[in-house]
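Here, each number is a calculation from the coordinates, and none is a lab measurement. Keep in mind it's a predicted model, so treat the numbers as computed, not measured. Positions of Cβ are backbone-derived with ideal geometry, glycine not excepted, and every protein chain shown enters the neighbour counts.
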């Protein structure tokens, strides 16, 4: 995707270039089915990552399994595999390993290519063709191992068992979804996507699995999203809990409290799935970029930024996950209280905002709101008995919460515009202000929220979608509408009781999903095409929370 | 030679060798995991195989120390460098003879001749164990050399 010539690829498709494609997920699973139809017949390709059984057998650490089956007529299939590890910075020549298939070895990592399609080397690529009649199946297993002897998964009926086990596992998992309202299929698809974006070993959820898919074609808006943003924490936890995935929510919270120990009591904007804090940005100048959109970046310098809203995100997540579940353990209580102390010291300082604006620091209204949410959440935990705060601390948090609220209401609301503004004493809006009605700072039906909603739509709305802000952020290119902002608007509408409008907008937003029900971070306003890294956890979190808000408003 | 001390040094030599092998894995120089290969002789459960493998491998290394002591006495050389040399030869033997034979005796190891089956799925080491990374011969030789050197140093001190 990032370089058609130098980047790697794995294609398994009809050799005849004139074919039509139709694809879908096997219902309530993450197993993908793709039907290819040519003049001579049709085939079905099944793609999955077999579920690991938790070390109970010798399955590979990670495997991508592809099965292709003739459906009608005969179709000549071509398999082409070009492995380019380390962002295509290494050259690699596959080694034939007799009946074990082929191995691609670099450093202490190995990719074993095992297939019942005869392959041969063509340059550094492996290629093979086979003609499939109706009912005939072939398999391709790509098994990756790092640091250990590889495990080579068998094909044939054993591959079929792995496919069946994986479908059964996903059906069991999606069967536990407790959301029963409208648009259930879309909510389940979003929950499955969040699960796919979760690093099982730590519980961390990455923003997206890709880097440098451009937010504006041909411009510099290409970022690495393979990290965990604390910004997403509160709403993600809320979405997981609302759909009944408490274990995943607690696991995510556990990762957050663990990962943030390295920088506590200060928090960093983002961490990697292992909790590492140095995420220095580099440009891969040898790659052409998606649709010639350079540069391709790995790492993300946004980790150096200062965002005050993240304290509120972590505390909000803890409040949601721990609501009604007794007392916090001593270490977690100490950590959360420490976040409150930081907020008391820093809430009146400037930051980069939830949108990670690269440029001078400003006093963003939403950052203040989340500082308020930090202290409000801690005081609620104290009131519920989950957290015991000393009296002096209760007084301090209460006093600072009131001071923040006063600043927001006096300087974050522009009476002339009748709207909250992006920065204190400002005259512009940004879509994060909609969250004030979602997180409980203000009732979505409050006159100030209603008028803010209206101004945001007037200034940021295009084609039923919302841009995130109206300010030029110093980076070339015009970005698309932000998917999650559209869902925040729906959340506001539902919470203030405008159900018809909420559902109408929700259906409109659904029309921008791709054929599999997936969203990127942004949507091109003119064409409706996906922009940015894909699929994007935050957008799917927004979809779930908006659907839940609609359902709750209905009942 | 005091038997208890010999047992203690046998254990220390095994620990040193295991540390070198584990460090090689940790630093990404090799994917060879002798404990995993040993453990999977007895169970197909990866997590249990690693635990049992470490235990059996440690016991094996410990007992093998007495073969080294026998060797030192038989030739009458009790020095660290002779121990290191013995370890090096031991390592070469392991790499060129023992590990390549594993697919024929290991119940869960696949082979390039017979392919993969439901029972045999572990990647075979190949000649000099290079299938587990091109650094594997060197790290294996280093580990065996350290093992022999520690034992040789002990007998040198003890005599």
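Helix A:233-242 and the longest principal axis of the Cα set of chain A meet at an angle near 70°. Short-range pairs are left out: with C-alpha atoms under 8 Å and at least six residues apart, the relative contact order of chain A is 12 percent. Between residue A:261 and residue B:104, the C-beta separation translates, for a Förster distance of 51 Å, into a calculated FRET efficiency of about 0.55.
In this simple spin-label model, placing a label point 7 Å from the Cα along the Cα-to-Cβ direction at both residue B:64 and residue A:348 gives a separation of 7.0 nm.
Computed extension gain for residue A:184 through residue A:120, at 0.36 nm per residue and net of the alpha carbon distance, reaches 18.4 nm. Using R0 = 30 Å, the C-beta based FRET efficiency linking residue B:89 and residue A:95 works out to 0.55.
Going by neighbour counts of Cβ atoms within 10 Å, the residues B:21, A:379, B:151, B:55 line up, fewest first, as B:55, A:379, B:21, B:151.
Using R₀ = 35 Å, calculate the FRET efficiency as 1/(1 + (r/R₀)^6) where r is the Cβ-Cβ separation of residue B:48 and residue A:331; round to 0.05.
Efficiency for this residue pair is about 0.65.
In chain B, Cα pairs under 8 Å separated by at least six residues give a relative contact order of 34 percent. Modelled this way, with points 7 Å down the Cα-to-C-beta line, the labels at residue A:146 and residue A:399 are 4.9 nm from one another. Each of A:371, A:352, A:177 was scored by other Cβ atoms within 10 Å of its Cβ. Listed from fewest to most, they are A:177, A:352, A:371.
Overall, the anisotropy analysis places the range A:48-141 in the oblate class: the square-rooted eigenvalues a ≥ b ≥ c of its C-alpha gyration tensor yield a/c not less than 1.5, with a/b not exceeding b/c. Estimated from helical segments only, the mean residue ellipticity of chain B at 222 nm is -22000 deg cm²/dmol, where each DSSP H run of four or more residues counts as -39500 (n - 2.57). Distance between the modelled labels on residue A:554 and residue A:5, one decimal in nanometres: 5.3 nm (7 Å Cα→Cβ projection). Legend: ranking of residues B:56, B:3 from fewest to most surrounding C-beta atoms inside 10 Å; resulting order B:3, B:56.
Kindly identify the range A:181-554 as rounded, prolate or oblate by the Cα gyration tensor criterion: order the square roots of the eigenvalues as a ≥ b ≥ c, call it rounded if a/c is under 1.5, otherwise compare a/b with b/c, prolate if a/b is larger, else oblate. In terms of gyration-tensor shape, rounded.
With respect to chain B, whose longest principal axis is taken over its alpha-carbon atoms, helix B:80-93 is tilted by about 20°. When the alpha-carbon atoms of the range A:9-172 are used, the pair Rg, Dmax equals 16.0, 46 angstrom. Shape class for the range A:147-211, computed from the alpha carbon gyration tensor (a ≥ b ≥ c): oblate, with a/c not under 1.5 and a/b at or below b/c. Relative to the longest principal Cα axis of chain A, at what angle does helix A:246-259 sit, 0 to 90 degrees, rounded to 10? Helix A:246-259 and the main axis of chain A meet at about 80 degrees. Taking every Cα-Cα distance in the range A:278-320 and sorting them into 5 Å bins from zero, the calculated P(r) comes out as 5, 19, 14, 13, 14, 11, 10, 8, 4, 0 percent.
Extension gain for the segment residue A:61 to residue A:415, taken as residue separation times 0.36 nm less the Cα-Cα distance, is 121.6 nm to one decimal. Name the residues of the range A:289-308 whose amide N is less than 11 Å from a point 7 angstrom out from the Cα of residue A:282 along the C-beta direction? Residues A:298-299 qualify, since their backbone N sits under 11 Å from the label point.
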